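Comments concern the structure below.
No lab work stands behind these numbers, since they all come straight from the coordinates. Source: prediction; values computed, not measured. All Cβ positions, glycine included, derive from the backbone under ideal geometry; neighbour counts span all protein chains shown.
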Amino acid sequence: METLLNPSKTPNLFIPKTHLFKLSFLHSNFNPQPHSSFNRRPLSITITCKVKTSQGRKNDGKNISKKIVLTDSAPELSNEEIKAKPKGGGKAWGVIKKFPKRVLAILSNLPLAIGEMFTVAGLMALGTAIDQGESPEYYFLKYPEENPIFGFFTWRWVLTLGFDHMFSSPVFLGTLILLGTSLMACTYTTQIPLVKVARRWSFLQSADSIRKQEFSDTLPQASVSDLGVILMGAGYEVFLKGPSLYAFKGLAGRFAPIGVHLAMLLIMAGGTLSATGSFRGSVTVPQGLNFVMGDVLGPTGFLSTPTEAFNTEVHVNKFYMDYYDSGEVSQFHTDLSLFDMNGKEVMRKTLSVNDPLRYGGITIYQTDWSFSALQILKDGEGPFNLAMAPLTINGDKKLFGTFLPVGDTDSSNVKGISMLARDLQSIVLYDKQGKFAGVRRPNSKLPIEIDGTKIVIVDAIGSSGLDLKTDPGVPAVYAGFGALMLTTCISYLSHAQIWALQDGTTVIVGGKTNRAKAEFPDEMNRLLDQVPEIVESSISKKPDNIGG
């Protein structure tokens, strides 16, 4: 236990006012010089203290006797000088420094940044409401000038401002750039200076300055070094300079806003790269046919650059579907093989909905299906492939049909057998008069005779609906959102600062925090209650211990 000795009790003995700890994390610039008449022999000192505790300091009548050993000279202490770090930074900050202060003040304005964020959110919502990537004729019909939406919104707004490709339009990208500039200006003018101030050791030499803090208290008959030990036990970084103490904790909370801004910039950069540097395309491929990726993918912006993987050929080996017990389609699958320019298979995978194929930065999604052809035998001849055409019906149900001519095909009034299907598992057949004739399953090999014609359903050939895309901004967006969640949590950490000054045998303590302001006084009172209060001291020593 470190204590302050009562000078009135020891008139012939020189004792430094403060005993500093020789610890690597408790620094001091105070270097007291020992009295020349002291011998370098230890003194045996008996100290009797009264300790006030947090329970109302009820143990006023209890004396605590401790025997400690002091040397007649203080140990050498390492000096910690505050060195100004050279001003530097990346090229981005160098560009910002060249901006006039007036421009930086405008860009870092909080209401402006909030307005920019709402503008970006509004444009994103508008881009969701307006169908993207359609032909101009589509917008002519949907947003005609004769019946404008809200009395003014027509196809001219959509095509002139680029709202048909919202996320790569100049309006949207310009707003994003303005928001990013505001974030960097705010970081440079506000957040970085706050961090620099928080990292600086700020010793207060005036008792009045300490009493003006958010929390302040006075400890009579106490030692500033005892307070430093207790603060270190509570997780504070403690620094001593003569009779002054400075302590802090939670510095990471000061860095967190900078991390939040950088994470938002990373998200916006990734989103911009996705909007201006991607390729997208869709294709419906019948089972057994091929396509080349580069023939399907189209650029979405001026930064789109094709890769070697665009020369890959894709072969649809098989398309099949799974069904519920009710007969509804539950899932559909496509077995794909990928071949390089030399005809070598480089990858094979069966993809399904929510289980895409990824190769060379290109992702292939299973998104749709169709009925390509119906393979039949007619009177034992064939097989013949009858193309299935999609039929328009109410609702989102699919319906496909085909027609098998019967009789004189050169007649102007050709009649035949109609075949309809909702999926690949059953075919409904109708005769020349349109009457129901029966149902057959593909591969059942069960013949059916209609109007004198014997038909066998051999197979139902499906088509796989695939979406292809490249998205180089995805890693940046994912990393940005991860950093945003982490730094947002860190930003809730409180940055607390405590100052103390030894004034004789009294310690004046003050502190402040940027968060948890209601809990901070309770924490300070709990820590200060642990500081021992010295009320009496006695010294027993041998005559030859002190010279002079």
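Once the other residues with Cβ under 13 Å from the Cβ of residue 341 are scored (Lys, Arg +1; Asp, Glu -1), what is the net sum?
Residues close to residue 341 contribute a combined charge of -3.
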Point to revise | Nitroxide proxy distance, nm - points 7 Å out along Cα→Cβ at residue 467 and residue 146 | key: 3.4 nm
Practice item. Note the full-extension length gain between residue 234 and residue 101 as 0.36 nm times their separation in residues minus their Cα-Cα distance, in nm to one decimal. Key: 43.7 nm
Practice item. Before anything else, pin down the relative contact order of the range 290-350: Cα pairs under 8 Å, at least 6 apart, normalised by residue count, whole percent. Key: 27 percent
Practice item. Tabulate in residue order the Karplus-calculated ³J(HN,Hα) for the range 480-491, using 6.51 cos²θ - 1.76 cosθ + 1.60 with θ = phi - 60°, rounded to whole Hz; enter x for Gly and Pro. Key: x, 5, x, 5, 5, 5, 5, 5, 5, 5, 5, 5
Exercise for review: Could you run the Karplus curve 6.51 cos²θ - 1.76 cosθ + 1.60 with θ = phi - 60° over the range 225-230 and give me ³J(HN,Hα) per residue in whole Hz, x for Gly and Pro?
Suggested key: 5, 4, 4, x, 5, 5
Review point. For residue 138 and residue 492, what does the FRET efficiency come to when R0 = 51 Å and r is the distance between their Cβ atoms, rounded to the nearest 0.05?
Key: 0.60
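Can you tell me the length gained on complete extension of the stretch residue 218 to residue 177, counting 0.36 nm per residue apart and subtracting the Cα distance?
The span from residue 218 to residue 177 would gain 9.5 nm if fully extended.
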Point to revise | Debye intensity ratio I(q)/I(0), log10, the range 98-187, q values 0.10, 0.16 Å⁻¹ (C-alpha model) | key: -0.35, -0.70
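With a Förster radius of 60 Å, plug the Cβ-Cβ distance of residue 435 and residue 118 into 1/(1 + (r/R0)^6) and report the FRET value to the nearest 0.05.
On the way: r = 63 Å, r/R0 = 1.05.
Once the sixth-power term is evaluated, E becomes 0.45.
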Point to revise | Net charge of neighbours whose Cβ lies under 14 Å from the Cβ of residue 140, counting Lys and Arg as +1 and Asp and Glu as -1 | key: -4
Practice item. Would you please give the residues with an amide H less than 5 Å from that of residue 312, counting only those at least 5 places away or on a separate chain, with H modeled from the backbone geometry? Key: 293, 294
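Work out, step by step, the length gained on full extension between residue 391 and residue 194: first 0.36 nm times the residue separation, then minus their alpha carbon distance; give nm to one decimal.
64.2 nm
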Check your understanding: What would the Debye formula give as log10 I(q)/I(0) at q = 0.09 Å⁻¹ for the alpha-carbon point model of the range 429-543, no solvent?
Key -> -0.66
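To the nearest 0.05, how large is the calculated FRET efficiency for residue 129 and residue 368 if R₀ is 22 Å and r is the Cβ-Cβ distance? Working shown, then result.
Details: r = 23 Å, r/R0 = 1.05.
So, using R0 = 22 Å, E works out to roughly 0.45.
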Exercise for review: Name the aspartates and glutamates eligible as straight-distance cross-link partners of residue 378: C-alpha to C-alpha under 15 Å, and not fewer than 8 places from it in the same chain.
Suggested key: 431, 449, 451, 459
Study note, to complete from the structure: Simple SL model, points at 7 angstrom along Cα→Cβ for residue 159 and residue 426; separation in nm is 4.8 nm
Practice item. Sticking with the crude label model, points 7 Å out along Cα→Cβ, report the distance from residue 209 to residue 290 in nm, one decimal please. Key: 8.0 nm
Point to revise | Set 344/398; 349/397; 101/241 screened for pairs whose C-alpha atoms are more than 31 Å apart | key: 344/398; 101/241
